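Okay, structure first, notes after.
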């Protein structure tokens with residue numbers, strides 16, 4: 001960008017003077033000649049010292065002052081492109097919240113032990129965030145507490161000497177040694193054991209399977225049209241491995257296709273195809289592993305073998321998610 005500087009005093013020996021603003025530098029062009037480009041001047045001394053322009057003597061100093069004044073008046077200095085090399089480095093330090101967060105989790109666990117009469121050790125199969133939100137809304141009078149099992153166990157106490165309630169160290173050890181896959185946590189509640197067990201036994205919802213899930217059945221697609229898909233999705237389906245083509249604007253399978261086989265682990269592509277087909281195979285379900293009451297202590301609850309297998313990869317949340 002070239003900006004005429006009509007404010008700069010005229011030199012009878014020169015006919016044109018401009019301020020050249022390039023992408024990175026600023027220079028004065030005198031009589032059509034472009035000197036070596038340098039950083040933008042911020043003071044008259046900079047102009048004279050670095051040799052901006054070709055003026056000499058009093059004219060050069062006067063022109064230098066005029067260039068700086070014009071740049072300041074027109075707010076050109078602040079609008080100059082920022083140098084990518086000029087990086088701002090903050091000298092402040094942010095304290096790590098690891099120890100404080102762990103301490104808060106343990107304090108919350110101790111508080112909930114005092115507030116609620118029963119604590120259930122639960123394992124959530126095929127966990128989904130939206131489903132957990134629904135559970136918390138349904139159990140507003142209770143607390144679903146997830147987090148690092150090791151930190152929660154420390155809050156409960158791993159031995160008789162450190163336990164916060166009588167016999168609760170058995171619950172802490174059961175959390176560490178449980179063999180169930182899935183997201184494991186605690187349910188603090190004042191509801192009866194019978195009510196909780198009936199609710200957990202009857203609560204299950206179908207969900208789309210993710211990669212790593214063991215398919216409970218074989219899903220096959222016959223040769224022929226797939227009218228449920230828009231024609232624009234044909235490249236996506238072909239990229240996922242489906243033998244498709246467009247016939248009269250309709251996506252068509254040119255041969256039978258097996259999406260997944262029973263007892264085989266799903267790949268990311270297979271999981272995506274099942275979702276596009278609106279075929280949920282996973283079951284979002286709560287499994288009770290044990291219960292602690294202040295009256296009877298900790299008791300284990302047997303788990304069926306079918307529930308152990310029908311789950312995705314084990315998850316262990318890094319931070320507390322209790323509400």
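Readers should treat all values here as calculations from the given coordinates under stated rules, not as data from a laboratory. Being a predicted model, the structure only gives us computed values, none of them experimental. Note that each Cβ is placed from the backbone with ideal geometry, even for glycine, and that neighbours are counted across all protein chains shown.
The alpha carbons of the stretch 213-277 occupy a box of 37, 19, 16 Å along the principal axes, longest dimension given first. Ordering 222-228, 265-271, 151-157 by mean Cβ neighbour count within 10 Å, with the highest value first, yields 151-157, 265-271, 222-228.
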